[in-house]
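Note sheet for the following structure.
The values are calculated or read from the model by the stated rules, or taken from the named source; none is laboratory data. Here the structure is a predicted model, which is why all the values come from computation and not from measurement. For neighbour counting, all protein chains shown are included, and Cβ atoms are generated from backbone atoms with ideal geometry for every residue, glycine included. Keep in mind that these areas ignore ligands, DNA and RNA; they rest on the heavy atoms of the full protein, side chains included. Shrake-Rupley method; radii C 1.70, N 1.55, O 1.52, S 1.80 Å.
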There are 2 protein chains.
Amino acid sequence: MLGMERRISRIGAWSACLLAGSVLAIGALPGTALANDGYDLWLAPADKGAAAAEVTVIGDSQTLQLAAAELRRDLTAAPLPVVLARADAPELAALGLPTAMLGAEGYLVCAATVAGRPSLLVTGNSDTGVLYGAFAAIRAQKTGGDLAKLDLTSTPKVRLRVLNHWDNLDGSVERGYAGQSLWDWWTLPDFKDPRYTDYARANAALGINGTVLNNVNASPDTLSAAYIAKAAALADVLRPWGIKVYLSARFSAPIELGGLKTADPLDPQVQAWWKAKSDEIYRAIPDFGGFLVKANSEGQPGPRDYHRTHAEGANMLAAAVAPHGGVVMWRAFVYAETDPDDRAKQAYSEFKPLDGKFADNVLVQVKNGAIDFQPREPFHPLFGAMPKTPMMLELQITKEYLGFATHLAYLGPLFEEVLEADTRAKGKGSTVAKVVDGALEGHDLTGMAGVANIGRDRDWSGSTFNQANWYAFGRLAWDPTLSAEALAREWARQTFGDDPRVVDTAVSMMMESREAVVDYTGPFGLAHLMDTGHHYGPGPWVNDLARPEWNPIYYHKADRSGIGFDRTRTGSNAVAQYAPPVARMLADPRTTPETELLWFHHLAWDWKMKSGRTLWQEMVVRYDRGVATVAHMQRQWDGVKDKVDAERWSKTATYLAIQHNEARWWRDASLVYWMSVNGLSLPEGSLAPEHDLAWYKAQRFPYAPGH
Amino acid sequence: MLGMERRISRIGAWSACLLAGSVLAIGALPGTALANDGYDLWLAPADKGAAAAEVTVIGDSQTLQLAAAELRRDLTAAPLPVVLARADAPELAALGLPTAMLGAEGYLVCAATVAGRPSLLVTGNSDTGVLYGAFAAIRAQKTGGDLAKLDLTSTPKVRLRVLNHWDNLDGSVERGYAGQSLWDWWTLPDFKDPRYTDYARANAALGINGTVLNNVNASPDTLSAAYIAKAAALADVLRPWGIKVYLSARFSAPIELGGLKTADPLDPQVQAWWKAKSDEIYRAIPDFGGFLVKANSEGQPGPRDYHRTHAEGANMLAAAVAPHGGVVMWRAFVYAETDPDDRAKQAYSEFKPLDGKFADNVLVQVKNGAIDFQPREPFHPLFGAMPKTPMMLELQITKEYLGFATHLAYLGPLFEEVLEADTRAKGKGSTVAKVVDGALEGHDLTGMAGVANIGRDRDWSGSTFNQANWYAFGRLAWDPTLSAEALAREWARQTFGDDPRVVDTAVSMMMESREAVVDYTGPFGLAHLMDTGHHYGPGPWVNDLARPEWNPIYYHKADRSGIGFDRTRTGSNAVAQYAPPVARMLADPRTTPETELLWFHHLAWDWKMKSGRTLWQEMVVRYDRGVATVAHMQRQWDGVKDKVDAERWSKTATYLAIQHNEARWWRDASLVYWMSVNGLSLPEGSLAPEHDLAWYKAQRFPYAPGH
């Protein structure tokens, strides 16, 4: 090396030169660029100082070994040695623990005397149950639990706890804002990126037990031999962590892959093709979970193309996977360009009559609301309306309509809101949660799906706080009755550490964040006001798209006299799709919750709100409140600058600044447009919009991500 | 948390249960998933055990502080305190160091007595020079140099040492195989990812002083106000590291962005638009480097659309940036669908007559070969043919034609081969290196460009060994006379540490790797044999593409009688584009290097090679050798399994296995096709291809990356 430096020298070297003169010493070593990049999620290793727990495993399954490794890594200063064992281990049989009550995946963690030594026993009826118990013990310690008194039992209330990846085979992710697909399809099945293992660990820690690898707008190639092998490689990585692989199936695959003339579900050749394809998949993935299908929706093929019902389509696929124990998750997100009826009504109209017609291994997957993952929607009328059919709840973890990766919007309260909504299907307390977890109708096959916000970005979800939405979904899928605020606190303690000031600040910001987005994008049940295609930024004026229900004006129906979508008897009568007590409440604007007022009613701009202000005045108040809340989040975050590592703190601070600018943009663009419609002016002292309507209309975002 | 666990319990808890029975203790804690993910590149921090160097800075520039921080982090056990100072520091003035010879960016590192204390002085005429000296000192130590005897002087031989990112504004990277674009255009200019800083550090350590941020197939939006602001934010991050930002400019931007009717370079309005646009850019980026332009090539707009020459187009842009000290890098990679002449001749034919017609601040950027970054090409005939014009060498670091990210192909020998090639333009020793570094014609404005292999993947380049190609380019741009093998050793020691067995193994693998790719993809100057569009895998049979020069058969011209492209007088006479001595050598197959035989000659299958074997027999030998060399690399890598961290070792091992399969695929597909043309059979004992020609033709890769 020195030789080389000499060789490349043009001026030769000389012996040490003498130097005199004073020297200014300057200190301050800049930190390295990467401090805490958020990769660890909620699995941040415990304080290295403390002693690792002594862990013993009864039995030799790989999953138990993984559970032991997690405990050795993250459980510290354990007052007792830890023992991991499945409940059917001979050593435990004699004890007659009431483990049947734990079900297939539940866990029990309690003090016990093992081989004469006081120990902490972690057990369950399956290896996965024990794994969940291990993660529960770690979570308990990290969130302040006393290991000496540890005594935990829990079983999941929902059977299928599934992430939906809208990932395409070319590496792009529809509505993904955290980089490329985590799945490197190109190097699979040969290379198994270590990230796949960390993905599995993070999910297992929450109890997530399934993942749909590919976009619901599915390529038929997903079902080709080459891609089945790739999916099988991922399944091999995920299996020890209790996670099953599912695939989105394109309904017309028998034509595109199989060379058939039709995909008619009643055609024997089509049925045989799916049967053979399923057998092929199960040869590669013996515990394959099954298919997720988006049919006859937004241009996707489906049974209606052959004048068959969704049930006939779903059951055909269900028959193909049934022999292997697979399921079909059939999405109810349908609306037809040909159907002139209120888009919010179409899924109900099409699926309600099919109740009872679906095979036993079919779940109907329903979005939380009847439109499409808006910042706030009333619960979907299908919940409670199909008692004979397992209703799988689909939530969106990625923030397609809530500011992409940059805006801080904790979705726990949104998830909680829909789960706690009372369908009144079987009297008071018939909550969506009880529909989803099967309690209401006694369904055993139950499920919850979350559209993932996971990508190849180093922090997985595009920002630290976005990780909380993945976390909240996973924990709520385990138990839909958990509280959003408690989960925020759980997450914050595992993510930022024990400092109560940081945790309290994070929780406070999270709990006010979602309502802020509702306020600055569209209060009182206004929805679908975003710009075209990329769904980024305001576009309430858009009125020139081919299909009526693609245009924001279709949803707000604002004119000189008023604003809002009349879904009562005088309008589309969508309210009639709800159980009578709910329908009655929603039929009258005075009994309709103000949060959903304009979703169900078209009201005059001077409608008197509960506050005594007119609707218009109150709208302005809300838009202003939304912007002010973001400013408040910024002030709170500034207050913990000295308590959070530099990298996560400053990225979050920068994103909050972006969010504040864009909240103001939403507020100004919306108000200036509403004023162009209602001819009203802003109340005294309210800030004038920064630009005129033409300026806001002129904004273009050809390279918005996730589109 | 415990409270919550109780709340979600269905079976309640009970007091500690008693447990008897034996317990099998099982040890073996699995390692964490991520060991060494390759993020550190050649900047791996020095052994934490050793004491950090004491570093003092004279002067207070940010760059000097950054240099000091690098030394404090990575220079250990320094026998002397280190002093950083610019040569014009008053404290050094009296010493009369011959620093003028260091030029603007050179450095001097030598022992010196400072303020009475023996010290190690790092100096240069600019802050950047000092920074380069600091990195040189660190490199010297990491590669075995003795700090006590350290005495380094070096100045860059090439002025513009530039990476070309073929990155699109939507985050995709043309011919990129390491994930999305490193530039997160969406969150710029607000969020400055810490990775941008580490990117700058890695480049500064090599002496790279410029980066073209966007694809040569440029979007006009790159020059919009919004994207200029984003580029300016990146420039602010890169500036302290001595790196200038450049942009690829779309020639028709005055029409698309400016609303003009024409982009004619002689139109005053067009000239005024570029002048105003340049002024706008320089207001945001005072040290903006200038424009890179791909014009009238592969569908890109350019001056020929208006019947103007490339010189007229380039000079118009050059006039716009000249007042600000900017340059224009004008690519010579042109071939016209309308030109029936040998594609290999077209760039020369079009540019040679323009020598002397370009403005002083224009460089003509020429690919190493006349076609397009093939595993081996003869040097481009333009080198040495335009004495009045600065010839900037364009190399491709990303492996578009050499196995994407997965194949191990160290490009040092390819780069070295072209740099050492003798153009004979001014007699013996008129190497391409001397053309490029300006020595041959006394040009002061000189440059070398490398098409980057950098993406957002954690290891930056898609594999550990791919990092070596970035490294080799950067070091060769500093000094084109460096040896590829020495650079391989330098890189390996900084990447894998001091263990000589690991370093020797890595170097040995690297030095045989590129020739292996030549052997298994196409020996003896065969080129452009890959499949369509994605450029992945063999497609020598392809003959149905719209333009003749898009088809592999255009390049190999194989028929029953022979194979190869006759570029002598009896053919396209491309040899005449070289200086007479070279042209004479290439005119005769017996004097043409066998490595380039079929590039210049169409020869009978039974042509006698120097080995005594026929051409056909020798081709088979080479295909076999290529596959065997990959197997040899695998064996060597297996030999250091215990000496390399698990993560980098196993990813590399997996990629080598992929490469071995694909080398076999290339070999088999090529041979089976050649046999279908020449009707010959394989020599005794040579392995029969795995499949028939139809099978190889049927392979499809719709989701290949980088396409």
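Here are some notes:
- Rolling a 1.4 angstrom probe over the stretch B:160-496 with all protein chains present gives an accessible area of which 49% lies on carbon and sulfur atoms.
- Residue-by-residue Karplus 3J(HN,Hα) for the stretch B:523-528, coefficients 6.51, -1.76, 1.60, Hz, glycine and proline x: x, 6, x, 5, 8, 6
- Average accessible surface for the stretch A:55-154: 29 Å² per residue, computed with a 1.4 Å probe over protein heavy atoms with every protein chain in place.
- When peptides B:258-268, B:614-624 are ranked by their average number of other Cβ atoms within 10 Å per residue, the highest-first order is B:614-624, B:258-268.
- This model, with +1 at the C-beta of Lys and Arg and -1 at the C-beta of Asp and Glu, gives the stretch B:160-496 a dipole about its Cα centre of some 460 debye.
- Antiparallel DSSP beta bridges within chain B, as percent of all bridges there, nearest 5: 30 percent
- Cα centroid separation, the stretch B:578-616 to the stretch A:212-281 (Å): 52 Å
- From most to least packed by mean Cβ count within 10 Å, the peptides A:666-674, B:236-244, A:689-697 give A:666-674, B:236-244, A:689-697.
- Shielding of peptide A:184-194 by partners, expressed as the average count of other chain Cβ atoms within 10 Å per residue Cβ, is 6.
- Summing Cβ point charges (Lys, Arg +1; Asp, Glu -1) relative to the Cα centre of the protein assembly as shown gives a dipole of roughly 340 debye.
- Per residue, the stretch A:407-523 exposes 24 Å² of solvent-accessible protein surface, assessed with a 1.4 angstrom probe and all protein chains in place.
- When accessible surface is computed with a 1.4 Å probe, chains B and A are found to bury approximately 9200 Å² between them, both chains counted.
- Per-pair calculated FRET efficiency, R0 = 41 Å: A:Asp279 and A:Asp355 via Cβ, rounded to 0.05: 0.85
- Rough spin-label spacing in nm, given labels placed 7 Å along Cα→Cβ, for A:Asp559 and A:Glu690: 3.4 nm
- The rotation axis taking chain B to chain A passes closest to this chain B residue's Cβ, listed with the gap in Å: B:Gln180, 3.
- Selection from B:Met633, A:Leu598, B:Gly144 lying farthest towards where the dipole of the protein assembly as shown points positive, charges on Cβ: B:Gly144
- For the residues of B:472-480, the average number of beta carbons from a partner chain within 10 Å of their own beta carbon is 1.
- For chain B, taking Cα atoms only, Rg and Dmax work out to 27.7, 97 Å respectively.
- Residues whose placed amide H lies under 5 Å from that of A:Ser572, excluding near-sequence neighbours: A:Arg567
- For the stretch B:208-219, 3J(HN,Hα) per residue [Karplus equation, 6.51 cos²θ - 1.76 cosθ + 1.60, θ = phi - 60°, Hz, x = Gly/Pro]: 5, 10, x, 8, 8, 6, 10, 4, 5, 7, 8, 7
- Kirkwood hydrodynamic radius of the stretch A:160-496, Cα pairs, Å: 20.0 Å
- Calculated from backbone phi, Karplus (6.51, -1.76, 1.60) coupling profile of the stretch B:600-612 in Hz, x at Gly/Pro: 10, 9, 9, 10, 5, 4, 9, 3, 7, 8, 4, 6, x
- Using just its DSSP H runs of length 4 or more, each adding -39500 (n - 2.57), chain B gives a mean residue ellipticity at 222 nm of -11000 deg cm²/dmol after division by all residues.
- Remark on A:Val451: its backbone amide H falls under 5 Å from those of A:Asn164, A:Leu395, A:Gln396, A:Ile397, A:Thr398, a criterion applied only to residues 5 or more positions apart or on other chains, H modelled at 1.01 Å from N.
- Computed about the Cα centre, the dipole magnitude for chain A is approximately 200 debye when only Lys and Arg (+1) and Asp and Glu (-1) carry charge, each at its Cβ.
- Shielding of B:148-155 by partner chains, average beta-carbon count, 10 Å: 6
- Positive-end residue of A:Ala669, A:Leu586, B:Tyr227, charge dipole of the protein assembly as shown with Cβ unit charges: B:Tyr227
- Taking 19 Å as the straight-line reach from the Cα of A:Lys192, the lysines in range (excluding those fewer than 8 positions away in the same chain) are A:Lys230, A:Lys244, B:Lys641, B:Lys651.
- Over the C-alpha atoms of the stretch B:170-238, the Rg to Rh ratio, Rh being the Kirkwood estimate, stands at 0.94.
- 5 angstrom amide H check on B:Met392, placed H, neighbours 5+ away: B:Val364, B:Gln365, B:Val366
- Once both labels are positioned 7 Å from their Cα atoms along Cα-to-Cβ, the gap between A:Lys388 and A:Asp499 label points is 5.9 nm.
- All-pairs Cα distance distribution in the protein assembly as shown, expressed in whole percent, bin size 10 Å: 1, 8, 14, 19, 20, 17, 12, 7, 2, 0, 0
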